[in-house]
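Here's the structure, in structure tokens; my notes come after.
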Amino acid sequence: MKKFLNIILLIWQAPQYLAGYASSRAWKTWFEKIDNSVLSFVQKTEKERDVKIYVVTKESHDSRPLLRHIASHSSGKYICVVFEKDQKTFETCIAHELGHASQSKDWGWLYLPVIGTASVCRNIRCQITGDWSNYFKGFPENDADRRMGIVR
Ligand SMILES: [Zn+2]
């Protein structure tokens, strides 16, 4: 029965699974990946939540002028994050991306057009203005936070 449900979930989220898989390959290629084995939190989260998490160093991420504007993101079960600042900030970032993974399960094929487009537009607007103070206050970022109990 679980296998059947996994197949249904795969079909339901197929577009973001494909996009997430492609994105995670590029993420691993462009940046220096941190070995997940040193991050027990990542391994535990992957197992508990049935997601794949790719963590890259901030130094390698920021060293690419054009690519560094691609922030931590997720699509389906694939989560790509930059290890920034400290462990607490990192874990909050992972939790936020898990909120997007939850949205993916609810929105199905509408996830990329609705959640993905809105999130990318918010991100671009903040990068242009340089003002990130309201980034997590609007949809879909606030919804991803709410799903994981994140209070900013
Ligand atoms: Zn987000």
Let me check I've understood the local charge: for Tyr135, count other residues with C-beta under 11 angstrom from its C-beta, Lys and Arg +1, Asp and Glu -1. What total comes out?
+1
Please give the calculated 222 nm ellipticity per residue for the chain, where each DSSP H segment of at least 4 residues contributes -39500 (n - 2.57) and the sum is spread over every residue; nearest 500 deg cm²/dmol?
-17000 deg cm²/dmol
What net charge do the residues around Val114 carry, taking every other residue with its C-beta under 12 Å from that of Val114, with Lys and Arg at +1 and Asp and Glu at -1?
-2
Let's see if you can work this out: charge +1 on each Lys and Arg Cβ, -1 on each Asp and Glu Cβ, no other charges. What is the dipole magnitude of the stretch 15-147 about its Cα centre, in debye to the nearest 20?
200 debye
Tell me, which longest segment in the chain has none of the GluC sites (Glu not before Pro) that fall in DSSP loops with at most 15 further Cβ atoms within 10 Å?
85-152
Cα gyration tensor of the chain - equivalent ellipsoid semi-axes, whole Å, descending
23, 19, 16
For the stretch 13-152, the charge dipole (Cβ of Lys, Arg +1; Cβ of Asp, Glu -1; about the Cα centre) points to a positive end, and the Cα of Val81, Ser102, Tyr54 closest to that extreme belongs to Ser102
Placing +1 on the Cβ of each Lys and Arg and -1 on the Cβ of each Asp and Glu in the chain, which of Phe90, Ala26, Ser63 has its Cα farthest towards the positive end of the resulting dipole?
Ala26
Of the listed links Lys52/Lys137; Lys2/Lys88; Lys28/Lys52; Lys2/Lys77; Lys3/Lys105, those spanning more than 24 angstrom between alpha carbons are Lys52/Lys137; Lys2/Lys88
Between Cys80, Cys93, Cys126, find the one with the highest GNM mean-square fluctuation for the chain; connect C-alpha pairs within less than 10 Å.
Cys126
Whole-Hz ³J(HN,Hα) from phi, Karplus 6.51 cos²θ - 1.76 cosθ + 1.60, for the stretch 66-76, glycine and proline x
7, 7, 5, 7, 7, 7, 3, 7, 8, 8, x
Cut-off is 10 Å between beta-carbons; in what order do Ser104, Ser40, Ser63 appear when sorted fewest neighbours first?
Ser40, Ser63, Ser104
Based only on other Cβ atoms within 10 Å, what is the fewest-to-most ordering of Asp62, Asp86?
Asp86, Asp62
Taking only Cα atoms and a 10 Å spring cutoff, compute GNM fluctuations for the chain and point out the largest among His96, His69, His61.
His69
Using each residue's phi in the stretch 109-126, evaluate 6.51 cos²θ - 1.76 cosθ + 1.60 at θ = phi - 60° and report the 3J(HN,Hα) Karplus result to the nearest Hz, with x for Gly and Pro.
5, 7, 4, 5, x, 8, 6, x, 5, 5, 5, 5, 4, 4, 5, 4, 4, 5
Percent antiparallel among DSSP beta bridges confined to the chain, rounded to 5, stands at 40 percent
Connecting every pair of Cα atoms under 10 Å apart in the chain and solving the GNM, the largest mean-square fluctuation among Val56, Val120, Val42 falls on Val120
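Read-outs: derived from the displayed coordinates by stated rules, not from any lab. Only a predicted model underlies this, so the values are computations on that prediction, with no experimental measurement involved. Cβ sites come from the backbone with ideal geometry, for glycine too, and all protein chains shown count toward neighbours.
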